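**Q** The structure that follows is given in the form of structure tokens.
What follows draws every value from the coordinates through simple rules; no lab data is involved. Bear in mind that the values here come from a model prediction, so they are computed numbers and not experimental data. Don't worry about glycine lacking a Cβ; one is built from the backbone with ideal geometry, like all the others, and counts go over all protein chains shown.
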Amino acid sequence: MALTDLITAFLLLGSLGFFLAGTLGLLRFPDLYCRLHALTKADNLGLGLVVLALMIQSDSWQVVIRLLLIWLLVLVAGATVAHLIARKAQQDGHQPWRR
Amino acid sequence: MTELIVQQQWFLWMTLLPLGAAVAAFLAPRQAHWIGLVTALLLPLCALAAIAAATLSETQTITAGNWPTPLGIALRSDGLALVMLAVTALVGFIISCYALGYFPVRGHHQSRARYFWPLWLFLWGGCNALFISGDLFNLYVTLELVTLASVALIALEGGKAALAAALRYLFISLLGSLAYLLGVGILYGTYATVDIILLGDMLAATRLNHAAMSLMIAGLVLKSALFPLHFWLPQAHTMAPAPVSAVLSALVVKCAYVILLRLWFEVFPALDTIAIGHLLGLLGSIAIIWGSLMALRQERLKLLIAYSTVAQIGYLFLVFPLAHTETMASAWIGGVLLMMAHACGKAAMFMVAGTIHHTAGSDRISRLAGAGGPIGVLVVVFTLAAGTIIGLPPSGGFFAKWLFINAALVSGQWWYLPIILSGTLLAAAYIARVLGWAFLDVKRSSYPVIPWMMKWPPLVLSIIALLFGLIAYEPVQLALSGAPVSSPVLVEFGP
Amino acid sequence: MELALIFDLILLITLIALAWLLLASSDIFRAVVLFIAFGLLLALAWVRLGAPDVALAEAAIGAGITGALLLVGLGRLGSAEHYRGTRTRLTFLQRLSAPVLIGVMIPSISLILLLELSLHASATPGQQGLVNVLLDVSGTNHGVTAVLMNFRAWDTLLEKGVLLLALISIWSLDQARPLFRQNDISPQLTGLARLLLPIMIIVAGFVLWQGDHAPGGAFQSGAILSAGILLAILVGYTLPTRRQGLSLRLLLAVGFSVFLLVAAATLLSSDYLLKYPDSLAGSLILLLELVATASIAALLAAAVVGGHPPDDLSKPVDRSSAVNGGQT
Amino acid sequence: MSPALLYTGSGIILFSIGLHALLVHRHLLRKILAANIMGSGVFMVFIAMGVHGDSGVADPVPQAMVLTGIVVSLCFTAVAIVLAVRLNKLTGCTTLAVDEESSID
Amino acid sequence: MSDLILPAILLSSLLPGLIIFTLPEESVRLRTTLNLGGAVVKLLLVALLFFHVAKREYTELRLPLLPDMELVLRADALSLLFLILSAFLWFLTTIYAIGYLEDSPNRSRFFGFFSLCVSATTGIALAGDMVTFVIFYEALTISTYPLVIHRGTPAALHAGRIYLAYTLGGGVVLFIATVWLRAIAGPLDFSPDGVVASLDPALHGSLTIIFALLILSLGVKAALVPLHIWLPSAMIAPAPVSALLHAVAVVKAGAFGIIRVIHDIFGIGFSAELNLLFPLALMAAFTIIYGSIRALSQNDLKRRLAFSTVSQVSYILLGVAMATPLATIGGLVHLVHQGVMKITLFFCAGNLAETLGIHKIDEMDGVGRRMPWTMAAFTVAALGMIGLPPLAGFISKWYLGLGGLAAGQPWVIIVLIGSTLLNASYFLPVLHRIWFVPSRQDWPSSTLRDGRETTWALLIPPLITAMLVVMLGVLAHSVGSALYWVELIATREYGP
């Protein structure tokens, strides 16, 4: 097992943690805004780690650029969609959760 | 001249022409009806040319792109294909003329007129492509083309009943075609080809093949509305506008049946089909009786005609049990003949029903009471067309029944005789019921004038339907060329 | 190998469970969302089966366009799900047929098939070899594209017809209604669209070009483009609709028409339907793919919009609905 | 138990699940979903039965067929949804229950 | 020329019929022209054909229907007999119907189906094989049904249902029997020796069943008891229709079919060999007596005539079933004679109904003074029916009696005498009422300018047919009479 593989495994395990956290947040948080928050933050980071892991494994720079592009696109799209959902929720009168 | 005819693959043009016209009608909605009419005029000519070309040339099968068959799609101009192309051209032409009167170009319903033409031309092209296809997957695509166009045409009427009927028809068709497609998939997985001729040579009587066969037959039976899977048909066929009802009953139901004929006689001969044949025969028999009885009970003319279609489909399925080795040609030709005759007769009947609805304001049979004047003529046309449904000579239905009875007697399946006969008598009864209302001597109101195009096309078609038996020789000879059956058509008892 | 098999098993069990869950769930919105997830997983299954073309198409269609169609449809159906109120009166046979079908036929047919399949697995070599041999003369370097655009081009032509036909059917049924409220365009979405649209066009072009030698092609590319068009509609772009939207109609029909014209031309010149001249095969396929992409993109987007353009007919229409309906 | 067989079997199961749901459920969108899942099952059988040996590369011909099939089923889905929406607009129902009562005229 | 004459005869009534369907109700003149023109053309064509056949120039036309199945039109002596009868009587009935239906509704429909009906009858006459016969036979069924229900009253519709049930039921049995026979014996061209005689004796059982089925199914139209129920109930139809049904088209089609089956399919010798004819003769004899007895008790004039038809048509069958030349002559000649006599009676009954509104026999007292010409015709025809020499009916009965003796079946004489007595007892009281009982009411006087009893169109046809009744009897042995022609047939059939 080469060093790269080790790093990859490490990164993937890390991403798994983030995904797990995001999913937990999605399931357990009290209202829509919190859930969005958990989902976007944690998943974006998780995906970033996955992409990073794959970049290490890839053998041409073209693939690296493509992977990077994918991650950036997901970031942009995720941010916008989260915004749209939150905006719609606010328009519909959903109040943020208060303790 | 002769060379010109032979060298062109007219039967292929018959698929490209309506499809192209459909696109044109979509692009130029204001001219759609003219485009439709010109196409409808050209297609019968193409059909004649295709028949002429086929009688002059040797080959009946070409492949698209001229790729060898396991890979390319076989397109066939054999007897069955040509006969169906020709009948569709004839019936389609007359229905197009009728539709010109039924969907006024100006006025309230012009949107229906605009969409009718591209949809109908698509359907026509799909039918033609289906008839010539010799490839199981291609048959699926063409069948779906036909189905989708039918769904949209049913829904064209716009009422909630029509929409519901269209949607139900869509689901039923999806179910049927997916079952068929699953069977095709299994056959491809086993033999790596979907070519009908190649499969017919290779197929062995394994359980897997039987399962595939059952799936395909079940799917197609659903699509051709054999009892008890007919429940969707009456609504779908009656809720549609009249020209569409005519198209559906005359042509669309036959599409699935043509595939069944091809499968049964060309793909599955090696398999053990006796039990399924008897099952189909049994269901067909029930369909004959049940459909006729239901037709007898209907209050509305279009529903009566639709249930009569259910019964006639029952006759078509008698082909399968009746086709023993020695009676194969009898049964096969009987089925083909009945398809042609029924296409003409049923289209005429639905068109007349549409005209009556248009003129009398309703298609309730009781509204026909004392029908005279313009409606009286329509009733006569209805009767003439019904002759072929009852099976009166010299209609095609008569000779089809002759062949069925002949096959039943010679193959020793006498129990189909009472079925066929009671079907005939019941058909006469429900037609006579309509006639009885029409002849009823009551004071009648005056009716509006019937548009020219809504009166004459059905009359022409009904006369053709009634006299079809007299000109059946040529179509039958044509159908026999390249037919998958080789026994004499009229069979005698063996020594 | 073992690991792969376990992966397959997990994937398939998830797929089946998803299918069951989504069909059984009482909330129809949830069902639609699960269906989209099902589509994405199915794409993974196609990859596992060595069919990346299908995987691309499944992701773009099963998860993408179909999902959009379903969501838009669901929105229009309204949330009221009062389908318990009216009970249909079923005939006896209808009552009988469903349980019989479910209870007897499905298990038995499945059982037979499974039993038999285990005996017959991979009995034939398929047409892989034949396709590879003929690939050189097909005008393209990718097997699936060769089959689609050349060997079985007749199927593809008819399929394009079905697509156009579906759109005509949709137009015949209804008039286009707005996908969203006009005053509701978010500036963030507009920004995203500005960023994404050029990328989408580039990606679509790439996928189309890719189809010549690797998974990809007109349909996948068209699906991406149509997503772009929908995005553009969502941020309020409109197309000119003069002359009853003739330009739109032309765009929708061009893929099928060109295919038909090529078919007619080949039939005239060679007596065989869709037999491309050897020297022209490559360029013809490229042409067909290009126009097909354009049409598919427009057709899919128009299908999601659902309905004919409001100016299609002379009859007066509801002004408010005429604003952003069919101007893909 | 080869992967191809596994996938074929799953395809058939998906087909059956879809068939069951198509027949049992009333809601139109659910019927549409069911039909789509049936279709996916059929396509899976197509592709999986075309996988031969351990090459891992599927036969291109069924792939092309499945692509065609996916498009066709997409078309049906699109039309069905519009029909359902239209029907819902006229009747307020999301089922096919309407045609019984209105079949009189 | 001679090839085209057969289809031309068919088309001479078919085409006018089809055109008439499309005519609006108001175009009386065009419709009348078409009707009469068609009838005249047909008569001329038949006359032309007559001379061909008299010179033994048989023409034949074959049109392929299916592989190994043809539509065969052929003119032989027997078909000419029926053809002349139907062409001539159609001509007269057309004139009569035009007068009878003046100003009534739905005339286009009526004359359309009327023409179709005659076309079918012509086709039956010209059929050259069993398939063709069946085709036209069924066509006749369906084209007469609208005529039966033409009046549109509930009673008419009921009668129509009965008519259709019986005739179509018979039709399908005939159909099956024919298909079965075709599957056993191959092509079924009519030929003087029959086509089944040479078959394997093992098939004789099937052949017997087929024969029974054929006779039973044809017997529906020929009104063999107990298959006759439809005939009296069909009386509800307008008089010209009744005339046509009884005298020419329907019952004669059945009788003609039975003749064809016995003579030209099974062959007389073979039928006798299988002992098929004696039961038929018994049935016919029973029908003769039964019909006459039922006629006695009918008060409705047309119903009495109907039961008389039931009885009289079976004379034809009786003659044929006895299988001797003389009896055959008697039977065949009665085909013509009964037609002419019965059509006269129905014309007269129609005149009574149309002019004076008389339907019942007990309303006929003294009507001879009001309508002398009509009643004279009635009287001649009724006396002919009874068999009074030298009228037409006598000739038939004479030959039948001789034939019965020659066949060694003297019981036939008893049947004939009994039936004659019965005929007399249901006709003579009517004649007595007509001429000798004083009228109980005042008939509406003639509305016509010259004081005629009724219009020419209604008067001429019965007078002509009544004259024929006399001439066919008196001039029975001259060239060109029905008897002469029938003897020709018999010699061709049995040899000189």
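**Q** Hey, any idea what the orientation-averaged projected area of the convex hull of chain E's Cα atoms comes to, in nm²?
**A** On the way: hull surface 87.7 nm².
So the mean shadow area of the Cα hull is 21.9 nm².
**Q** Next question. Sort segment C:133-209 into rounded, prolate or oblate with this rule: let a ≥ b ≥ c be the square roots of the eigenvalues of the Cα gyration tensor; rounded if a/c is under 1.5, and if a/c is not under 1.5, prolate when a/b is larger than b/c, oblate otherwise.
**A** On the way: a/c = 7.03, a/b = 1.56, b/c = 4.50.
Oblate shape, in that a/c is at least 1.5 and b/c is the bigger or equal ratio.
**Q** Further, regarding this structure: Determine the relative contact order of chain B: mean sequence separation of Cα pairs under 8 Å and six or more apart, normalised by residue count, in whole percent.
**A** On the way: 902 pairs, mean separation 78.5, N = 495.
In percent, rounded to a whole number, it is 16.
**Q** Does segment C:202-300 come out rounded, prolate or oblate by the C-alpha gyration tensor, with a ≥ b ≥ c the root eigenvalues, rounded set by a/c under 1.5 and, if not, prolate when a/b is larger than b/c and oblate if not? Kindly include the intermediate steps, with their values, before the conclusion.
**A** Numbers: a/c = 3.71, a/b = 1.49, b/c = 2.49.
It is oblate, given that a/c is not under 1.5 and a/b is not larger than b/c.
**Q** Sorted by packing (mean other beta-carbon atoms within 10 Å per residue), highest first, where do C:299-308, B:268-277 land? Before the final figure, lay out each step's value.
**A** Working: C:299-308: 26.4, B:268-277: 16.0.
Taking the mean over residues of other Cβ atoms within 10 Å, the ranking is C:299-308, B:268-277.
**Q** Using a simple charge model, +1 on the beta-carbon of Lys and Arg, -1 on the beta-carbon of Asp and Glu, nothing else, what dipole does the protein assembly as shown show about its Cα centre, in debye to the nearest 20? Present the calculation step by step, with values, prior to reporting the outcome.
**A** Working: 82 positive and 73 negative charges, 991 e Å.
With only Lys, Arg, Asp and Glu charged at Cβ, the dipole is about 4760 debye.
**Q** Evaluate the distance, in nm, between pseudo-label points positioned 7 Å from the Cα of B:Thr59 and of D:Arg26 along their respective Cα→Cβ axes.
**A** Modelled inter-label distance: 5.8 nm.
**Q** Here is a further query. Show me the ranking of peptides B:304-316, A:7-19 by mean Cβ neighbours inside 10 Å, starting with the highest.
**A** Numbers: B:304-316: 27.1, A:7-19: 15.7.
Going from most to least packed, we get B:304-316, A:7-19.
**Q** Based on the mean of other Cβ atoms within 10 Å per residue, sort peptides C:126-134, A:62-70 so the most packed one is first. Please list the in-between numbers first.
**A** On the way: C:126-134: 17.4, A:62-70: 13.6.
Ranked from most to least packed, the peptides come out as C:126-134, A:62-70.
**Q** If you don't mind, another one. Need one value for E:145-156: mean number of C-beta atoms belonging to other chains within 10 Å of its residues' C-beta atoms.
**A** Values: counts 7, 7, 0, 1, 7, 2, 3, 10, 3, 3, 0, 4.
That works out to 4 on average.
**Q** Apply 1/(1 + (r/R0)^6) to the Cβ-Cβ distance of E:Val479 and E:Leu282, taking R0 = 35 Å, and write down the FRET efficiency to the nearest 0.05. The partial results should precede the final answer.
**A** Values: r = 37 Å, r/R0 = 1.04.
My answer for the efficiency is 0.45.
**Q** Order of B:Tyr430, E:Tyr137 from fewest to most other C-beta atoms within 10 Å? Numbers along the way, then the final one.
**A** Values: B:Tyr430 26, E:Tyr137 30.
Lowest count first: B:Tyr430, E:Tyr137.
**Q** Could you work out how far helix E:301-321 tilts from the main Cα principal axis of chain E, as a 0 to 90 degree angle to the nearest 10?
**A** 20 degrees
**Q** May I ask which residue of C:Leu71, C:Ala24, C:Leu3 lies farthest towards the positive end of the charge dipole of segment C:1-76, with charges of +1 (Lys, Arg) and -1 (Asp, Glu) on Cβ and the Cα centre as origin?
**A** Sorting the options by dipole projection puts first C:Leu71.
**Q** OK, next. Tell me the angle of helix E:482-494 to the major Cα principal axis of chain E, expressed in degrees between 0 and 90 and rounded to the nearest ten.
**A** Around 10 degrees separate the two axes.
**Q** Sticking with this structure for a sec: Whole-Å semi-axes of segment B:302-350's equivalent ellipsoid, largest first, each the root of 5 times a Cα gyration tensor eigenvalue? Before the final figure, lay out the partial values.
**A** Working: eigenvalues 120, 26, 3 Å².
Its equivalent ellipsoid spans semi-axes of 25, 11, 4 Å.
**Q** Counting other C-beta atoms within 10 Å, which of E:Met69, B:Met216 has the fewest, and how do the rest follow? Walk me through the intermediate numbers first.
**A** Numbers: E:Met69 23, B:Met216 26.
Fewest-to-most Cβ neighbours within 10 Å comes out as E:Met69, B:Met216.
**Q** Now, a different point. Could you give the dipole magnitude of segment C:1-76 about its Cα centre, charging the beta-carbon of Lys and Arg +1 and that of Asp and Glu -1, in debye to the nearest 20? Provide the component values of the computation, followed by the final result.
**A** On the way: 3 positive and 5 negative charges, 56 e Å.
So the magnitude is around 260 debye.
**Q** Moving to a separate point now. Averaged over its residues, how many other protein chain Cβ atoms are within 10 Å of peptide B:142-151's Cβ atoms? Intermediate results must be reported in sequence, preceding the final value.
**A** On the way: counts 5, 1, 11, 8, 2, 3, 12, 6, 1, 8.
For peptide B:142-151, the averaged partner shielding equals 6.
**Q** Still on this model: Determine how many Å³ per residue the convex hull of the Cα atoms of segment E:19-165 encloses.
**A** On the way: hull volume 18.1 nm³, N = 147.
Measuring per residue, one finds 123 Å³ for the Cα hull of segment E:19-165.
**Q** Okay, moving on. 222 nm [θ] for the protein assembly as shown, helices only, -39500 (n - 2.57) per DSSP H run of 4+, per residue, to 500?
**A** Working: 61 runs with 1076 residues, N = 1523.
Computed mean residue ellipticity for the protein assembly as shown: -24000 deg cm²/dmol.
**Q** Amide H of C:Gln175 versus every other amide H placed in the peptide plane: which residues, excluding those fewer than 5 positions away on the same chain, fall under 5 Å?
**A** C:His308
**Q** Pop the C-beta distance of E:Tyr494 and E:Ser27 into the FRET formula with R0 = 60 Å and round what comes out to the nearest 0.05. Display every interim value, and only then the final one.
**A** Values: r = 52 Å, r/R0 = 0.86.
Calculated transfer efficiency: 0.70.
**Q** Taking each residue of C:272-280 in turn, how many C-beta atoms of other protein chains fall within 10 Å of its C-beta, and what is the average? Working shown, then result.
**A** Details: counts 10, 13, 8, 7, 1, 0, 0, 0, 0.
That average works out to 4.
**Q** A follow-up question, please. Mind checking the angle between helix A:32-57 and chain A's longest principal axis? C-alpha axes, 0 to 90 degrees, to the nearest 10.
**A** Approximately 10 degrees, to the nearest ten.
**Q** May I ask which of B:Lys160/B:Lys254; B:Lys160/D:Lys89; B:Lys223/D:Lys89; C:Lys160/C:Lys275; B:Lys160/B:Lys302 have a Cα-Cα span longer than 20 Å here? Spell out each step's value before the answer.
**A** Values: B:Lys160/B:Lys254 27 Å; B:Lys160/D:Lys89 9 Å; B:Lys223/D:Lys89 28 Å; C:Lys160/C:Lys275 18 Å; B:Lys160/B:Lys302 17 Å.
Result: B:Lys160/B:Lys254; B:Lys223/D:Lys89 exceed 20 Å.
**Q** Report, largest value first, the span of the C-alpha coordinates of the protein assembly as shown along each principal axis, in whole Å.
**A** Computed over the Cα atoms, the extents are 133, 67, 61 Å.
**Q** For segment E:5-149, with the dipole built from +1 on Lys and Arg beta-carbon atoms and -1 on Asp and Glu ones, taken about the Cα centre, which of E:Val148, E:Thr33, E:Ile84 lies farthest toward the positive end?
**A** Of the options given, the answer is E:Thr33.
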